[in-house]
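Taking it in order: structure first as structure tokens, then the write-up.
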Amino acid sequence: MNLTPPNHRQQEILDVLRRAGGSLRVGRLADELGVSEETVRRNLKRLADVGQVEKMHGGARLAASEGEGDFNQRLARAPEAKQRIARHVAGKLRDGAVLFLDVGSTTAYIADALRDHSGLMVVTNSVTVAFKLATRNGNQVYMAAGALRAHDGGAFGAEAMRFAENFKTDLAILSTAGVTAEDGFMLHDLEEANFCRAVLANAGAAWVAADASKLGRAAPITVCPPSRVDLLITDAAPPKDLAQAARGWGVAIEVAP
């Protein structure tokens with residue numbers, strides 16, 4: 001990834017976005033800076049390329065600089081992309097599937113997309129996923145024990161680890177904070193990574209669902225050997241180096257329509 005510091009114009013854009021609470025439309029940015037919309041778009045592209053902003057329809061928002069923010073903030077990022085991914089995942093799953101869904105924001109959208117499926121057996125450590133799929137259409141939902149984290153409603157710790165060891169699922173569907181050609185699939189939280197490893201030890205197949213903002217983005221903790229993942233489902237074609245690395249790992253990539 002290009003780590004060149006932002007130039008003067010790009011720094012001005014970042015400053016305006018921060019003063020505005022994190023997001024603005026292109027026209028408003030142009031007015032604030034006294035430049036053309038084309039100048040704003042050109043500089044937003046460069047900022048997006050280095051992961052400092054996320055482009056959205058008609059505008060841009062600041063990317064999270066530390067961690068991923070709380071769960072509501074994560075749900076609000078790239079909702080259309082996550083919904084597309086969720087519909088694609090749901091279309092690949094049969095009624096009666098036995099699966100694990102983790103605590104990520106994209107997997108929360110997947111739970112929404114699965115609400116018309118029936119007879120699912122769902123193992124999760126996400127109170128959001130459990131709430132969306134329990135008591136519906138004959139589903140069985142098993143929720144991990146342990147203390148719930150305040151920022152995302154995820155259960156972690158020793159009790160959650162023991163819970164994960166009880167289940168052998170056909171499929172684990174996981175989210176990720178980032179995936180790079182150098183290091184594979186990564187997270188910001190060690191406790192979360194350890195829990196994912198426990199789940200993967202007893203899962204038949206593993207899918208990662210991640211919107212395009214995660215492609216090429218690094219995080220501090222690797223989850224597993226990337227070859228352990230069978231399929232990456234995203235909403236845009238990955239960078240060439242990541243696509244090439246995925247072929248070497250044996251990871252298929254599907255872009256949700």
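The values are calculated or read from the model by the stated rules, or taken from the named source; none is laboratory data. Everything numeric in this text was worked out from a predicted model, so none of it was measured. Reconstructed Cβ throughout: ideal geometry from the backbone, glycine too, with neighbour counts over all protein chains shown. We work out accessible area using only protein heavy atoms, side chains counted, and drop any ligands, DNA or RNA first. Shrake-Rupley method; radii C 1.70, N 1.55, O 1.52, S 1.80 Å.
Each Lys and Arg adds +1 at its Cβ and each Asp and Glu adds -1 at its Cβ; summed about the Cα centre, the stretch 107-175 shows a dipole of about 80 debye.
Surface exposure of the stretch 108-257, expressed per residue as accessible area with a 1.4 Å probe, stands at 42 Å². Within the chain, the selection of entire DSSP H helices by a Cα span of 15 Å or greater along the long axis and an average Kyte-Doolittle value of at least -0.5 returns 190-201. Its Cα centre serving as origin, the chain has a Cβ charge dipole (Lys and Arg +1, Asp and Glu -1) of approximately 440 debye. Cβ-Cβ distance of Tyr142 and Arg87, R₀ of 35 Å, FRET efficiency by 1/(1 + (r/R0)^6): the value works out to about 0.90. With 0.36 nm allotted per residue and the present C-alpha distance subtracted, the Glu159-Ala201 stretch has 13.5 nm of extension available. With the charge dipole of the chain set up from +1 on Lys and Arg Cβ and -1 on Asp and Glu Cβ about the Cα centre, the Cα lying farthest toward the positive end among the listed residues Ala48, Trp207, Met186 is that of Ala48. Our helix-only sum for the chain, with -39,500 (n - 2.57) per DSSP H run of n ≥ 4 divided by its residues, gives a mean residue ellipticity at 222 nm of -11000 deg cm²/dmol.
Sorted largest first by accessible area at a 1.4 angstrom probe radius, with every protein chain in place, the residues Phe195, Phe131, Phe163 fall in the order Phe131, Phe163, Phe195. Note on Arg9 and Asp31: the extension gain reaches 6.6 nm, defined as 0.36 nm multiplied by sequence separation minus the Cα-Cα distance.
The Cα center of the stretch 208-240 and the Cα center of the stretch 86-147 differ in position by 21 Å. Bridge orientation summary for the chain: considering DSSP beta bridges with both residues in this region, about 40 percent are antiparallel. When the chain is treated as a Gaussian network with alpha carbon springs shorter than 10 Å, the biggest mean-square fluctuation among Gly157, Gly34, Gly96 belongs to Gly34. The shape of the chain comes out prolate: with a ≥ b ≥ c from the C-alpha gyration tensor, a/c is at least 1.5 and a/b beats b/c. For Asp189, the solvent-accessible surface with a 1.4 Å probe is about 50 Å², rounded to the nearest 10.
The Kirkwood radius of the stretch 121-217, taken over pairs of alpha-carbon atoms, gives through the Stokes-Einstein law at 4 °C and 1.567 mPa s a diffusion coefficient of 91 µm² s⁻¹.
Using a Cα distance threshold of under 29 Å, what count of lysine pairs results for the chain when pairs must be 8 or more residues apart or interchain? For the chain, the number of qualifying lysine pairs is 21. When peptides 10-18, 169-177 are ranked by their average number of other Cβ atoms within 10 Å per residue, the highest-first order is 169-177, 10-18.
Computing FRET efficiency as 1/(1 + (r/R0)^6) for Ser227 and Met56, where r is the C-beta to C-beta distance and R0 is 30 Å, gives about 0.35. Length gained on full extension, Met121 to Arg18: 32.7 nm, using 0.36 nm per residue less the C-alpha separation. GNM on the chain, C-alpha springs below 10 Å: top fluctuator among Val40, Val199, Val229? Answer for the Gaussian network model of the chain: Val40.
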